[in-house]
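The values are calculated or read from the model by the stated rules, or taken from the named source; none is laboratory data. Note that the structure is predicted; figures quoted are calculated from it, not measured. Here the Cβ is made from the backbone with ideal geometry for all residues, glycine too, and neighbour counts use every protein chain on show.
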Amino acid sequence: MPKIKGKTDLEDSIIKLLLTVLPEAEVTVDDELWQEKLSESIDQLKEDIASLRERKPTDLVVTTNGGSKKDLGFSHKNLPSLLKILSQHLNVYLVGPSGSGKTHAARQCAKALGVDFYFTGAIANEYKLTGYMDANGNYVTTEFRKAYEKGGLFLFDEIDASFPQAVLAFNAALANDFMDFPDKQVKRHKNFYCIAAANTIGQGADRQYVGRNQLDAASLDRFVFLDWPYDEDLEITLSGNKEWALHVQEVRKAIDKYKIRHIVSPRASIFGARLLKQGMSQETVEDLVLWKGLPENDKKKIKLTMLPPTEIKAVRNGTFVLRRNSYEAFDLSDGDTVSENQLIGYIKYGYYGDYEKVFSPCDGVIDYRVIDNEGVNTGQIIAVIEH
């Protein structure tokens, strides 16, 4: 087959592949009209491929066992995996930071599975799960009992903040097809589904979540673990303000970089966007949803990290040198940390070899753009400081 006129090798390969599935009698390679239409199709295909490079949140539509379709709306990137696990009647332990959408995902799963949604937060005693007999001898039920006996999706939220001994009552119910409640033994319903949501993996407190407990190994063994991180594409979509959401995400990255004990969840993007829409200044909104009383030193670190690299430019023509003589103490190289007003080199100029000192204008990490004893011109970038 001849090469198509004016096309790259890749485009030519695509065209040849298309030709293999088209009736030979309909087109010929030399048909100018056909080539023009094919060229337009290729251009459109390029645009479609480019749009796919940026992942967009899934507007998930599922088909139930009865064949009906349910639109779950914008969904976390891991929701399809969660649904697949639940469809096998496996118990799921969702691990994710505050505000990552675990509860919302559980509600979406209940809708997809066609069952009612039940919820319980952190518990201090087993009666929040099993219920109890009141003073009149009447049984007081719980959300867990309703889901277990009648069918439904039960979300045990913040299980890692619950009293470990209380969670032990959960084990028998998940491990077996029946459970002893205060009034009687109950058989597990065939449409009972269970999700436990947590900020930690059940091994106790960490840097961010200091109030979390270590769970019994037998409790953890009942679950399939699924990571539930922030879905930043979904965050941008739900906020409705891409510029603000990206700013929030940069703040979050800076917090992670410095390991600061402070949480900036997607709620900051969503709530902040709403406040900005009401005409509040960005500075005010940042105080309300981002900083929340964060110490000034930590705020300064974060803001510096988010600044673009600072360029250090030559103020005159000359030769850049690191030292004026061999006795000078400092010896900087790429990747070294420097402080504001720290000497980073000299520009040697004039017939008699005068020197112009070059200082770092801020704290950061230095990246030299010229080497020792290299000539420079006025305005040329000598180095940049990464924050």
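Annotations
- Taking every residue in region 165-194 that is under 22 Å from residue 88 (Cβ atoms) and pairing it with any residue that is surrounded by fewer than 18 Cβ atoms within 10 Å (Cβ to Cβ) and of a type in the set (Val, Ile, Thr), at least 6 positions away or on another chain, the pairs with Cβ-Cβ distances below 9 Å are 173/186; 178/186; 179/186.
- Condition check for residue 298 on (1) out of contact with any strand residue (DSSP E or B) (no Cβ under 8 Å at 6 or more places or on another chain); (2) closer than 30 Å to residue 253 by Cβ; (3) in contact (Cβ under 8 Å) with a residue 60 or more places away in the chain: one failure, at (3).
- Residue within region 246-267 that is farther than 25 Å from residue 76 by Cβ, among the polar types (S, T, N, Q) and either crowded, with 19+ Cβ neighbours inside 10 Å or without any contact (Cβ under 8 Å) to a residue 24 or more places away in the chain (or both) present: no
- Of the residues making up region 88-106, those that are over 12 Å from residue 197 (Cα atoms) and either buried (at least 18 other Cβ atoms within 10 Å of the Cβ) or touching a residue at least 12 places away in the same chain (Cβ under 8 Å) (or both) are 89, 90.
- Filtering region 257-315 to residues that are acidic (Asp, Glu) and within 22 Å of residue 100 (Cα to Cα) leaves 286, 287.
- Qualifying residue in region 86-99 (condition: closer than 16 Å to residue 173 by Cβ, among the hydrophobic types (A, V, I, L, M, F, W, C) and not in a loop (DSSP other than H, G, I, E, B)): yes
- Considering 200, 142, the condition of being within 23 Å of residue 113 (Cα to Cα), surrounded by 18 or more Cβ atoms within 10 Å (Cβ to Cβ), in the same structural domain as residue 89 (by TED's automatic domain parsing) and of a type in the set (Val, Ile, Thr) is satisfied by 142 alone.
- Scanning region 100-119 for residues that are of a type in the set (D, E, K, R) and assigned to a helix (DSSP H, G or I) yields 102, 107, 111.
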